[in-house]
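Colleague: Can you keep this structure in mind? I'll have questions shortly.
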Amino acid sequence: MSTILVTGGAGYIGSHTVLELLTAGHRVVVVDNLDNSSLESIRRVEALTGKRVDVHLLDLLDRTGLDLIFAKYRIDAVIHFAGLKAVGESTQQPLRYYHNNLTSTLHLLEAMKLAGCKTLVFSSSATVYGDPERLPIIEDQALRTTNPYGATKLWIEGITADLAKAESGWNLVMLRYFNPVGAHESGRIGEDPAGIPNNLMPFIMQVAVGRREVLSVYGNDWPTPDGTGVRDYIHVVDLAQGHVAAIDKALGGALPGWTAINLGTGNGQSVLDMVKGASKAVGRELPYRFSPRRPGDIAACYCDPAKAQRLLGWKANLGVDRMCADHWRWQKNNPQGYAQE
């Protein structure tokens, strides 16, 4: 049984990954500052799995506190989710994003090095491809980004790549994932964004549950089949299982040095495809209106997931109907998210 430190483990993707790690037999230690998450997610993960999670309320900017965590446990590997993640906000508060996301990751890498823990799976993003030069996206094509949030992901990938070149023994896996949606099939854990959602599916579901009147669809004149933006939506449970596969392969020595891997379905779905899927799950037509394109948006973004299947033995299995049904079950059971607890 390996001990995995999960930073940001109380968040949306983090909590689902903690559940999958526990199910796979790992011991999990979570570090989270609860900036955009709730401890209720971890309590529910414990209830669903019947297993305990060691949780520490800590900001990764606290280097001393981080060293104490590594001193307390023999950490075998780290999954690093923690960070600020709103694209729009990052363009308005670039210094906050650079300071938080970069400094916290440097602290984490320094603490890992001091403790002799050299296996890291990093939560990267398709934003590192910017407006992609070709579709489907493969891992070795040009990297660029259009906002400070994406730039922090790109910088962290660069920092870890330099570390792998400079020092032997590191296993550094960058998981570039696309658009996570859905929730655990129990309806007990799911996405609970603070404030106005930054992503499509929670916005759709807040309309469905009556928290918002109508969905704004940004642009209906994109060069796509129906004029709306196309993205690679992936079920969060598939995504979480991809992290477990990456941890297991890295700890087994199959991913030495530095590796970047796309996690997606390989299929592009339009905004209207997702609205139709959500309407089917909810059982009624959900209202939407077209709004002007947003600055920095792109027409289409979806990946070639072949490398993940080759290196991790992983592929996404859950389709749009399942994504929408599971997300709706979560939202219907928790109309105010974890706040109602």
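Colleague: Can you pull out the residues in the range 166-187 that are closer than 19 Å to GLN309 by Cβ and part of a loop (DSSP other than H, G, I, E, B)?
Modeller: Across the range 166-187, the qualifying residue is only PHE178.
Colleague: Residues in the range 247-269 that are closer than 21 Å to VAL45 by Cα and among the aliphatic types (A, V, I, L, M): how many?
Modeller: Result for the range 247-269: 1.
Colleague: Specify the residue that is modelled with the highest pLDDT; the eligible residues are those in the range 283-307 that are within 13 Å of ALA126 (Cβ to Cβ) and aliphatic (A, V, I, L, M).
Modeller: First, the residues of the range 283-307 that are within 13 Å of ALA126 (Cβ to Cβ): 298, 300-305.
Subset that is aliphatic (A, V, I, L, M): 298, 300.
Numbers: ILE298: 91, ALA300: 96.
Only one residue tops the list, namely ALA300.
Colleague: While we're on this one: Does the range 188-201 hold any residues that are without any contact (Cβ under 8 Å) to a residue 40 or more places away in the chain and either surrounded by 15 or more Cβ atoms within 10 Å (Cβ to Cβ) or outside any loop (DSSP other than H, G, I, E, B) (or both), and which are they? Show your work before the answer.
Modeller: Residues of the range 188-201 without any contact (Cβ under 8 Å) to a residue 40 or more places away in the chain: 195-197, 199.
Within the range 188-201, PRO197, ASN199 meet the criteria.
So that you can scan it fast, the table gives a plain yes or no per residue for (1) surrounded by fewer than 17 Cβ atoms within 10 Å (Cβ to Cβ); (2) under 20 Å from TYR338 (Cβ atoms); (3) out of contact with any Asp or Glu (no Cβ under 8 Å at 6 or more places or on another chain):
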site	(1), (2), (3)
ALA47	yes, yes, yes
ASP67	yes, no, yes
SER90	no, no, yes
THR105	no, no, yes
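Colleague: Does SER168 count as at pLDDT 95 or above and either acidic (Asp, Glu) or surrounded by 21 or more Cβ atoms within 10 Å (Cβ to Cβ) (or both)?
Modeller: Details: at pLDDT 95 or above: yes; either acidic (Asp, Glu) or surrounded by 21 or more Cβ atoms within 10 Å (Cβ to Cβ) (or both): no.
Considered against the rule, which asks whether it is at pLDDT 95 or above and either acidic (Asp, Glu) or surrounded by 21 or more Cβ atoms within 10 Å (Cβ to Cβ) (or both), SER168 comes out as no.
Here is a yes/no grid of residues against (1) within 22 Å of ARG188 (Cβ to Cβ); (2) of a type in the set (Asp, Glu):
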| site | (1), (2) |
| --- | --- |
| THR3 | no, no |
| GLY9 | yes, no |
| GLY14 | yes, no |
| THR17 | yes, no |
| THR23 | yes, no |
| VAL30 | yes, no |
| GLY50 | yes, no |
| ASP67 | no, yes |
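Colleague: Evaluate the range 65-86: report whether one residue or more is under 15 Å from GLY150 (Cα atoms), out of contact with any Leu (no Cβ under 8 Å at 6 or more places or on another chain) and modelled with pLDDT under 95. Working first, answer last.
Modeller: Within the range 65-86, the subset under 15 Å from GLY150 (Cα atoms) is 81-86.
From what's left, out of contact with any Leu (no Cβ under 8 Å at 6 or more places or on another chain): 81, 83-86.
Checking which are modelled with pLDDT under 95 leaves us with 85-86.
Yes; the residues of the range 65-86 include at least one that is under 15 Å from GLY150 (Cα atoms), out of contact with any Leu (no Cβ under 8 Å at 6 or more places or on another chain) and modelled with pLDDT under 95.
Colleague: List every residue pair whose Cβ atoms lie under 6 Å apart, where the two residues are 6 or more positions apart in sequence or sit on different chains, the first residue falls within the range 104-127 and is without any contact (Cβ under 8 Å) to a residue 40 or more places away in the chain and farther than 18 Å from HIS243 by Cα, and the second residue, located anywhere, is of a type in the set (Val, Ile, Thr) and crowded, with 22+ Cβ neighbours inside 10 Å.
Modeller: Close Cβ pairs (under 6 Å, with a partner that is of a type in the set (Val, Ile, Thr) and crowded, with 22+ Cβ neighbours inside 10 Å) do not exist here.
Colleague: Within the group VAL230, VAL236, VAL207, VAL217, which residue is in contact (Cβ under 8 Å) with a residue 40 or more places away in the chain, within 14 Å of the chain's Cα centre (by Cα) and buried (at least 17 other Cβ atoms within 10 Å of the Cβ)?
Modeller: Among VAL230, VAL236, VAL207, VAL217, only VAL236 is in contact (Cβ under 8 Å) with a residue 40 or more places away in the chain, within 14 Å of the chain's Cα centre (by Cα) and buried (at least 17 other Cβ atoms within 10 Å of the Cβ).
Colleague: If I ask for residues that are among the polar types (S, T, N, Q), closer than 27 Å to ALA86 by Cβ and touching a Gly at 6+ places or on another chain (Cβ under 9 Å), which ones from the range 114-173 would you list?
Modeller: SER123, SER125, THR127, THR145, THR146, ASN147, THR152
Colleague: If I filter the range 30-66 down to residues being of a type in the set (S, T, N, Q) and in a helix (DSSP H, G or I), which single residue comes out as farthest from LEU19 (Cα to Cα)?
Modeller: The initial filter retains those residues of the range 30-66 that are of a type in the set (S, T, N, Q), namely 33, 36-38, 41, 49, 64.
Imposing the further condition that a residue be in a helix (DSSP H, G or I) reduces the set to 41, 49, 64.
On the way: SER41: 10, THR49: 7, THR64: 28 Å.
Only one residue tops the list, namely THR64.
Colleague: State whether one or more residues within the range 245-260 are crowded, with 21+ Cβ neighbours inside 10 Å, farther than 27 Å from TRP155 by Cβ and either free of Cβ contacts under 8 Å to residues at least 40 places away in the same chain or in contact with a helix residue (DSSP H, G or I) (Cβ under 6 Å, 6 or more places away or on another chain) (or both).
Modeller: Checked against the condition, which is being crowded, with 21+ Cβ neighbours inside 10 Å, farther than 27 Å from TRP155 by Cβ and either free of Cβ contacts under 8 Å to residues at least 40 places away in the same chain or in contact with a helix residue (DSSP H, G or I) (Cβ under 6 Å, 6 or more places away or on another chain) (or both), the range 245-260 yields no hits at all.
Colleague: Next question. Just one of ALA24, ALA86 is surrounded by fewer than 21 Cβ atoms within 10 Å (Cβ to Cβ), within 21 Å of LEU175 (Cα to Cα), touching a residue at least 40 places away in the same chain (Cβ under 8 Å) and under 15 Å from the mean Cα position of the chain (by Cα); which is it?
Modeller: On the way: ALA24 fails: under 15 Å from the mean Cα position of the chain (by Cα).
Sole residue among the options that is surrounded by fewer than 21 Cβ atoms within 10 Å (Cβ to Cβ), within 21 Å of LEU175 (Cα to Cα), touching a residue at least 40 places away in the same chain (Cβ under 8 Å) and under 15 Å from the mean Cα position of the chain (by Cα): ALA86.
Colleague: For the range 1-21, what are the residues that are surrounded by fewer than 23 Cβ atoms within 10 Å (Cβ to Cβ), among the hydroxyl-bearing types (Ser, Thr, Tyr) and not in a strand (DSSP E or B)?
Modeller: SER2
Colleague: So which helices (runs of 4 or more DSSP H) are wholly in the range 247-341 and hold at least 2 residues that are of a type outside the set (Lys, Arg) and closer than 18 Å to LEU215 by Cβ?
Modeller: Correct list: 271-282, 320-333.
The values are calculated or read from the model by the stated rules, or taken from the named source; none is laboratory data. Fair warning: this is a prediction, and the values are worked out from it, not measured in the lab. All Cβ positions, even for glycine, are placed from backbone atoms using ideal geometry, and neighbour counts span all protein chains on display.
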